[in-house]
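The values are calculated or read from the model by the stated rules, or taken from the named source; none is laboratory data. Bear in mind that the values here come from a model prediction, so they are computed numbers and not experimental data. Ideal geometry is used to build each Cβ from the backbone, glycine not excepted, and the neighbour counts take in all protein chains shown. Surface areas here come from the heavy atoms of the whole protein model, side chains and all, with no ligands, DNA or RNA. Shrake-Rupley method; radii C 1.70, N 1.55, O 1.52, S 1.80 Å.
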Amino acid sequence: MIGGLLMVGLGIVSQETAVHHIDFNTLGLLIGMMIIVGITAETGLFKYIAVWAAKKVGGHPTKILIVLGVVTAFGSAFLDNVTTVLLMVPVTLSITRQLRVTPIPFFISQIMASNIGGTATLIGDPPNIMIGSAVKELTFMAFINNLSFISFLILFLTLPFFVLIYRKQIQTTEELRQGIMDMDEKEEIKDPVLLKKCITVMGLTIFGFFIHQVVHLESATVALAGAFLLLLLTGEHFLEEAFHRVEWTTIFFFVGLFVLVSGLVETEVIAALADYAVGITGGDVAKSAVLILWLSAIASAFLDNIPFVATMIPLIQEMGTMGVNNLEPLWWSLALGACLGGNGSLIGASANLIVAGISGREGHPISFMSYFKVGFPLMILSIVIANIYIYVRYLM
């Protein structure tokens, strides 16, 4: 925010220009989904799903590791990945305490699953929200059609590696497994009436995302309409709690970031970078897509992927004005590189840091190197798979 204010205060951009560059569609979509998920979390739905899933695989730790990874990925696809891991971590701790195994393998697998699952849809990960908001042709359905298959293919190719790496660390006894089977998932549902309201509104909201282009509504309008409908149905009791659960630090971070990027656009720094990129690739779509995919992945592994994507969006748009004819493979390369690249290190994405922080507070610290040794090679594997997918689907 201070950086954004300096942009205006130093006269680099005018206040009107700065406000014009703030993407209110991104902000509205984030706020709307945070409110819906915040209220839904009160019902105990996510704990119910996790306990139910653990029982379905007989309480076996290795199978639980896989099934919780899949639940996290699906949750991250239709909620945001930060919220999903915040909901999954407490119940994972409860299950691992019952099994008397270390929760770290479960946490690392869920971090990676959340970033992979978040890649699959428009609303799953902030980089996708930003790309979808900047490029109107990339609708909710376009993200699902182009990214869901490859995301879940990568997920199902990645999860067996966790079993291979951690199988010796998560052994338990038959007696402790029986303790999982004795848990009653129905006890996790705290408010059945509220649950019905939440599921109804969430279903309507996701349906709204599917048809938002047909009815000529922005995704933010759909999300905020769902949020306000749920607030209307749940009453004043949930109003303050819902707004308390909105991550306002994230929202204001985005505001400042958009203004900072406006300075790079208005001073033509972005145009110069785009010109350099076109010079390297000669305007060739295939070379540009591969460059963006790998650059996004490596950069997002060590920087937060949100500011990187905020800078790349106008750069790709600028490349379009310089003779790169087909920008679609470039957008999908950016989404895949930024979202999957976040798995490369512990500081690559917000979800990584949040899970590591909670794990540390619970007495199970995840060091940078212990994560890096697992996360970075698997991230490289996922980008290799994504590279093959981009080439086969768009460039052959």
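Numerical summary
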read-out: Contact order relative to length of the chain, as percent, for alpha carbon pairs under 8 angstrom and 6 or more apart; value: 24 percent
read-out: Separation of alpha-carbon centers, the range 1-80 and the range 260-275, rounded to whole Å; value: 29 Å
read-out: Under 23 Å from the Cα of LYS196 - lysines, other chains or at least 8 residues apart; value: LYS47, LYS186
read-out: Solvent exposure of the range 83-191 as accessible area per residue, Å², 1.4 Å probe; value: 38 Å²
read-out: Cα-based Rg / Dmax (Å) for the range 195-312; value: 20.0, 59
read-out: Volume per residue of the C-alpha convex hull in the range 1-155, rounded to whole Å³; value: 138 Å³
read-out: Extent along principal axes [Cα atoms of the range 137-272; Å; largest to smallest]; value: 65, 45, 32
read-out: Relative contact order (%) - criterion: Cα under 8 Å, at least six apart; region: the range 1-154; value: 21 percent
read-out: Compactness index (Cα Rg / 2.2 N^0.38 Å), the range 296-354; value: 1.19
read-out: Relative contact order [Cα under 8 Å, 6+ residues apart], the range 187-270, whole percent; value: 24 percent
read-out: Euclidean distance between Cα centres, the range 305-348 to the range 82-160, Å; value: 19 Å
read-out: Of the DSSP H helices in the chain, those whose Cα atoms cover at least 20 Å axially and whose Kyte score averages 1.0 or more; value: 24-41, 61-78, 81-99, 104-118, 149-166, 192-211, 219-234, 248-266, 285-302, 368-390
read-out: Dimensions (Å) - the range 43-87, Cα atoms, principal axes, largest first; value: 28, 21, 14
read-out: Choice from GLU174, GLU188, GLU241 showing the highest fluctuation, given a GNM over the chain with Cα pairs closer than 10 Å; value: GLU174
read-out: The chain - mean residue ellipticity at 222 nm from DSSP helices (-39,500 (n - 2.57) per run, n ≥ 4, rounded to 500); value: -24000 deg cm²/dmol
read-out: By average C-beta atoms within 10 angstrom, highest first, the peptides 265-277, 221-233, 4-16; value: 221-233, 265-277, 4-16
read-out: Viscosity 1.002 mPa s, temperature 20 °C, Stokes-Einstein D of the range 11-89 from Kirkwood C-alpha radius, µm²/s; value: 144 µm²/s
read-out: Long-range tail of P(r) for the range 208-257 (Cα pairs > 12 Å, %); value: 71 percent
read-out: Pairs of Cα atoms farther than 42 Å apart, the chain, %; value: 12 percent
read-out: Rounded accessible area of LYS47 (nearest 10 Å², 1.4 Å probe); value: 90 Å²
